[in-house]
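The values are calculated or read from the model by the stated rules, or taken from the named source; none is laboratory data. Source: prediction; values computed, not measured. Quick reminder, even Gly has a Cβ in these numbers, built from the backbone with ideal geometry, and neighbours come from all protein chains shown.
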Amino acid sequence: MALGSNADAMSGRKVRDWNAFAAIVASLIGLMALVVSGYTAYVQRQQVRAQVWPYLMIGYADVERARIVFNKGVGPALIRSVQVLVDGKPQPDWTHVMTALGLSDKISLQQSTLANNVLSANEKLDILIVADEESYRAFREQSVHRASTRICYCSTLEDCWMYDDHRQPDEPRTQPIDRCPELPSGQAFLQ
């Protein structure tokens, strides 16, 4: 009898060992499913980020006598803050920019508001149009050397970037940042 009960005990142990092995395998499969699910969510988030990525550029349109902002990205750019500086000093509007550059504040200008605006993908905004050629040339010559523009903008997923057209030549003009800074009163460009 002792022999039979010993055989039963051994067969029970084997059953228990297989159950433990099956539990370990099931746990590993569950862990792998969790890892794959997390990675899939990460990849999907990256794909969505790429689908709403804005990319702003600022330049001059000489034929139109304009200073322009262009969104070359694939998603809308939510403009959070704008600064236009002349000789390192923030200016509140284009009239002050012209005065700081030593140009007549009586120059005829057409202006568009950039601050707190949204630029769709492939949208171009003429933020400043100078009415006559001579004034535009004087503005461009002075502003290239003395003025700089900073624009903080975000995607619809709240990924943010700072554009600065006066970075060092070896630095990209657009750099990612955690969030757009709150500009103190008097430092923000209001147009």
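Taking the criterion of being within 14 Å of residue 68 (Cα to Cα) and more than 21 Å from the chain's Cα centre (by Cα), would at least one residue in the stretch 160-172 satisfy it?
No: zero hits.
Where residues in the stretch 91-124 are buried (at least 19 other Cβ atoms within 10 Å of the Cβ) and within 29 Å of the chain's Cα centre (by Cα), which of them is farthest from residue 157 (Cα to Cα)?
Within the stretch 91-124, the match that is farthest from residue 157 (Cα to Cα) is 97.
If you go through the stretch 102-136, how many residues are touching an Asp or Glu at 6+ places or on another chain (Cβ under 9 Å) and over 30 Å from residue 49 (Cβ atoms)? Give the steps one after another, and end with the answer.
First, pick out the residues of the stretch 102-136 that are touching an Asp or Glu at 6+ places or on another chain (Cβ under 9 Å): 107-108, 110-112, 126, 129, 136.
Now drop any that are not over 30 Å from residue 49 (Cβ atoms), which leaves 107-108, 110-111, 129, 136.
The number of residues fulfilling the criteria is 6.
Could you grab me the full set of residues in the stretch 54-71 that are buried (at least 18 other Cβ atoms within 10 Å of the Cβ) and touching a Ser or Thr at 6+ places or on another chain (Cβ under 9 Å)?
Across the stretch 54-71, the qualifying residues are 54, 56, 58, 65, 67, 69, 71.
In the list 74, 36, which residue meets the criterion of being surrounded by 10 or more Cβ atoms within 10 Å (Cβ to Cβ) and either modelled with pLDDT of 90 or more or basic (Lys, Arg) (or both)?
On the way: 36 fails: either modelled with pLDDT of 90 or more or basic (Lys, Arg) (or both).
Criteria check complete, one pass: 74.
Would you call residue 97 in contact with a Leu (Cβ under 8 Å, 6 or more places away or on another chain) and closer than 19 Å to residue 189 by Cα?
no
Pick from 74, 63: which is farther than 26 Å from residue 186 by Cβ and without any contact (Cβ under 8 Å) to a residue 40 or more places away in the chain?
Working: 74 fails: without any contact (Cβ under 8 Å) to a residue 40 or more places away in the chain.
Criteria check complete, one pass: 63.
Taking the stretch 98-112 as the region of interest, how many residues are within 20 Å of residue 166 (Cα to Cα) and in a helix (DSSP H, G or I)?
2
Does any residue in the stretch 17-28 that is loosely packed, with under 10 Cβ neighbours inside 10 Å and modelled with pLDDT under 90 come within less than 7 Å, Cβ to Cβ, of a residue that is part of a helix (DSSP H, G or I) and not hydrophobic (A, V, I, L, M, F, W, C) six or more places away or on a different chain, and which pairs are these?
none
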